1. Identify the residue in region 33-73 that is in a loop (DSSP other than H, G, I, E, B) and of a type in the set (Phe, Trp, Tyr) and, among all such residues, is modelled with the highest pLDDT.
2. Any residue at all in region 4-17 that is modelled with pLDDT under 55, assigned to a loop (DSSP other than H, G, I, E, B), open to solvent by less than 40 Å² (accessible area, probe 1.4 Å) and not hydroxyl-bearing (Ser, Thr, Tyr)?
3. Quickly run through region 59-71 and pick out the residues that are surrounded by 13 or more Cβ atoms within 10 Å (Cβ to Cβ) and closer than 12 Å to Gly31 by Cα.
4. Name the single residue that is surrounded by the most Cβ atoms within 10 Å (Cβ to Cβ) among those in region 20-58 being over 22 Å from Ala85 (Cα atoms) and of a type in the set (A, V, I, L, M, F, W, C).
Amino acid sequence: MGSPAWAAPKRVLPIMHTLPGMAEVPGPLVGPYEIQQMLGVGRTRFKQIALRPSFPEPFQRLHGMQVWLRADIEAWIAEYRPQQAASEDDE
C-alpha cells in the first residue's frame, strides 16, 4: 500500500537554485528528524548510528544541524539494514 515510510519523509527539501558561493543541491535533502523517521529510531539512537564510519557524510553542515542527501540515506538503509528496507517494501 504505497511507498515505504523510509522512502518518503514528510519534509523533503526540493532541489534549490544555486546561490553565490553555494553548490547546487543534487537531490532532496533530509535532516536528523527525517532520518529518524526513515530508520524508526529516536534522537539518541540516531546520534549513535550517525557516528558509524559506514554512515554517509552530511551533504552540508549548517549552524546547529546537518543535512544529508536522501538518496545517500536510502542507499545506506538498503545496504546496512536490508531487513528494514525489505519489510517496508512489503507493506
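1. First, the residues of region 33-73 that are in a loop (DSSP other than H, G, I, E, B): 40-42, 51-59, 63-64.
Okay, now just the ones that are also of a type in the set (Phe, Trp, Tyr), so 55, 59.
Working: Phe55: 98, Phe59: 94.
Top of the filtered list is Phe55.
2. yes
3. Here is the first cut: in region 59-71, the residues surrounded by 13 or more Cβ atoms within 10 Å (Cβ to Cβ) are 59-60, 66-71.
Hits for region 59-71 are Phe59, Gln60, Gln66, Val67, Trp68, Leu69, Arg70.
4. Here is the first cut: in region 20-58, the residues over 22 Å from Ala85 (Cα atoms) are 20-26.
Restricting the remaining residues to those that are of a type in the set (A, V, I, L, M, F, W, C) gives 22-23, 25.
Working: Met22: 10, Ala23: 9, Val25: 17.
Selected residue: Val25.
The values are calculated or read from the model by the stated rules, or taken from the named source; none is laboratory data. Since the structure is predicted, the reported quantities are computational estimates derived from the model, not experimental observations. Every residue, glycine as well, gets a Cβ built from its backbone with ideal geometry; the counts of neighbours run over all protein chains shown. All accessible areas refer to the heavy atoms of the entire protein, side chains included, with ligands and DNA or RNA removed. Shrake-Rupley method; radii C 1.70, N 1.55, O 1.52, S 1.80 Å.
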